[in-house]
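Student: Let me give you the structure first, and then I'll get to my questions.
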Amino acid sequence: MGRVRTAMKRILITGASGFLGSHLALSLKNAYEVRGTFARRPVDLPGCPMERLDFTSGSSGLSALIERFRPDVVIHAAALIDIDLCEREPVAARRINEDAVRQVASAAAAARARLVYFSTDMVFDGRKGMYAEDDEPSPLTVYGRTKLAGERLALGLCPGSVVARLSLMYGTGSAEHGSFLGWMRARLEKGEALSLFTDQYRTPLYVRDVCRAVERILRAPGIRGLYHLAGPDRMNRFDFGRKTAEVFGFPERLLRPVLMEEMPGLIPRPKDNSMDNRKAVRDLGIRFAGAVDGLRAVARGGGQ
């Protein structure tokens, strides 16, 4: 008698048209049955059917989608991540970064699906740096406050949820898809100068490491709660730009070091929201790539 084939687990990824969501969909599609959602701009992700799901409207259609697809895991990657836009449009920020999480967490709990929710290092005020999971959040911006509210909704409404705070991500992707590296490369390839902060510190995170972390989370049902996903290098944006120029062969003279206060109209940012990744390293058993190694992997075409 032949072996009985076990059905593949079903994964629903909201925001699969974005930078992180598309990387996750492509990394998981071979091991799981993956379905993705987009708000307004459909993308073609081979092996991942896409459906429209717009959280800006009162009725997103989420419950109907979950009832039809019956996911084992919901990965909520949809968010409004533009810090300045969130400050200008706080109602929209709350609708997408808070109300949508309430919908997703409640629907996942009702379907007895596991929830993975992505938050941000922007939940901290930047006074300390190298924040651990048990450090008290104190966001400075509407974006940070709405994402912190999302964390609490995810953990409170859906038992067994995982909340992953992400640092500044980079990898293969365009500026239109929210990639900081894509934005820099597009400008540098045109020979345009870049003004990069010297007084804001992050722990740059290779997007493929997020995918590996999620793969480990999916294979370990006992993993739950809050995790910091961050690279091992604490650095400012200007230094990250210098390493980018070095790896991709751009002239460093195009990089202009600036202070955040020198940028007119800029919403104040935390100065040091670098994060400590030791809990994730220990529990998930992965090694996060340093900035140079990650950038070299992107240069070799290691985006997926």
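To keep it simple, each residue is scored yes or no on (1) within 28 Å of ALA25 (Cα to Cα); (2) surrounded by fewer than 23 Cβ atoms within 10 Å (Cβ to Cβ); (3) free of Cβ contacts under 8 Å to residues at least 24 places away in the same chain.
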position: ALA111; (1), (2), (3): yes, yes, no
position: SER119; (1), (2), (3): yes, no, no
position: ARG127; (1), (2), (3): no, yes, no
position: ASP135; (1), (2), (3): no, yes, yes
position: ARG145; (1), (2), (3): yes, yes, yes
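Student: When PHE238 is evaluated against the numbered criteria (1) assigned to a helix (DSSP H, G or I); (2) out of contact with any Pro (no Cβ under 7 Å at 6 or more places or on another chain); (3) surrounded by fewer than 21 Cβ atoms within 10 Å (Cβ to Cβ), which criterion, by number, is the only one it fails?
Tutor: The one condition PHE238 does not meet is (2).
Student: Scan the stretch 243-279 for residues that are in a helix (DSSP H, G or I) and either β-branched (Val, Ile, Thr) or closer than 12 Å to PHE197 by Cα (or both) and report the count.
Tutor: The initial filter retains those residues of the stretch 243-279 that are in a helix (DSSP H, G or I), namely 243-248, 252-254, 260-262, 278-279.
Within this subset, residues satisfying the condition of being either β-branched (Val, Ile, Thr) or closer than 12 Å to PHE197 by Cα (or both) are 244, 247, 260-262.
Result for the stretch 243-279: 5.
Student: Filter the stretch 140-166 down to residues that are outside any helix (DSSP H, G or I) and aliphatic (A, V, I, L, M) and give me whichever is nearest to the chain's Cα centre (by Cα). It would help to see each step written out before you state the result.
Tutor: Taking the stretch 140-166 first, the residues outside any helix (DSSP H, G or I) are 140-141, 158-166.
Next, from what is left, pick out any that are aliphatic (A, V, I, L, M): 140, 162-164, 166.
Details: LEU140: 19, VAL162: 13, VAL163: 11, ALA164: 8, LEU166: 6 Å.
The selected residue is LEU166.
Student: Would you mind finding the one in PHE124, PHE118 that is out of contact with any Phe, Trp or Tyr (no Cβ under 9 Å at 6 or more places or on another chain) and among the aromatic types (Phe, Trp, Tyr)? Let's see the steps before the verdict.
Tutor: Values: PHE124 fails: out of contact with any Phe, Trp or Tyr (no Cβ under 9 Å at 6 or more places or on another chain).
Answer to the selection: PHE118.
Student: Can you tell me which residues in the stretch 36-74 are basic (Lys, Arg) and either closer than 19 Å to SER106 by Cα or free of Cβ contacts under 8 Å to residues at least 12 places away in the same chain (or both)? I'd like the intermediate steps shown before the answer.
Tutor: Taking the stretch 36-74 first, the residues basic (Lys, Arg) are 40-41, 52, 68, 70.
Once the filter is applied, which keeps residues that are basic (Lys, Arg) and either closer than 19 Å to SER106 by Cα or free of Cβ contacts under 8 Å to residues at least 12 places away in the same chain (or both), the stretch 36-74 yields ARG68, ARG70.
Student: Taking into account only those residues within the stretch 215-235 that are touching a helix residue (DSSP H, G or I) at 6+ places or on another chain (Cβ under 9 Å) and in a helix (DSSP H, G or I), which is farthest from ARG202 (Cα to Cα)?
Tutor: Ranking the candidates gives LEU218 first.
Student: If PHE69 satisfies all but one of (1) within 24 Å of LYS29 (Cβ to Cβ); (2) out of contact with any helix residue (DSSP H, G or I) (no Cβ under 9 Å at 6 or more places or on another chain); (3) modelled with pLDDT of 95 or more, what's the number of the condition it fails?
Tutor: In the conditions (1) within 24 Å of LYS29 (Cβ to Cβ); (2) out of contact with any helix residue (DSSP H, G or I) (no Cβ under 9 Å at 6 or more places or on another chain); (3) modelled with pLDDT of 95 or more, PHE69 misses (3) alone.
Student: Pick from the stretch 222-270 the residues that are β-branched (Val, Ile, Thr) and in contact with a strand residue (DSSP E or B) (Cβ under 9 Å, 6 or more places away or on another chain): which of them is nearest to VAL298 (Cα to Cα)? Working first, answer last.
Tutor: Looking only at the stretch 222-270, we keep the residues that are β-branched (Val, Ile, Thr), and these are 223, 244, 247, 258, 267.
Those still in the list that are in contact with a strand residue (DSSP E or B) (Cβ under 9 Å, 6 or more places away or on another chain) too: 223, 244, 258.
Values: ILE223: 29, THR244: 10, VAL258: 26 Å.
Filtering first and then ranking leaves THR244.
Residues checked against (1) in contact (Cβ under 8 Å) with a residue 40 or more places away in the chain; (2) among the β-branched types (Val, Ile, Thr); (3) surrounded by fewer than 21 Cβ atoms within 10 Å (Cβ to Cβ):
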{"position": "VAL91", "(1), (2), (3)": "no, yes, yes"}
{"position": "ARG102", "(1), (2), (3)": "yes, no, yes"}
{"position": "VAL142", "(1), (2), (3)": "yes, yes, no"}
{"position": "GLU151", "(1), (2), (3)": "yes, no, no"}
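Student: Any idea how many residues of the stretch 188-214 are crowded, with 17+ Cβ neighbours inside 10 Å and part of a helix (DSSP H, G or I)?
Tutor: 9
Student: Identify the single condition in (1) in a helix (DSSP H, G or I); (2) among the basic types (Lys, Arg); (3) surrounded by 18 or more Cβ atoms within 10 Å (Cβ to Cβ); (4) at pLDDT 95 or above that ARG185 does not satisfy, given that it satisfies every other one.
Tutor: Every listed condition holds for ARG185 apart from (4).
Student: Please state which of the following conditions ARG165 fails to meet, knowing it meets all the rest: (1) out of contact with any His (no Cβ under 9 Å at 6 or more places or on another chain); (2) closer than 27 Å to ARG102 by Cβ.
Tutor: Only one criterion is unmet by ARG165, namely (1).
Student: Being within 19 Å of the chain's Cα centre (by Cα) and farther than 16 Å from GLY231 by Cβ is the filter; apply it to the stretch 245-302 and report the residue that is surrounded by the fewest Cβ atoms within 10 Å (Cβ to Cβ).
Tutor: Per the criteria, the residue is ARG269.
Student: Out of the residues in the stretch 288-304 meeting the condition of being charged (D, E, K, R) and at pLDDT 95 or above, tell me which one is farthest from ASP199 (Cα to Cα).
Tutor: ARG296
The values are calculated or read from the model by the stated rules, or taken from the named source; none is laboratory data. Since the model is a prediction, treat every value here as computed from it, not as a measurement. Quick reminder, even Gly has a Cβ in these numbers, built from the backbone with ideal geometry, and neighbours come from all protein chains shown.
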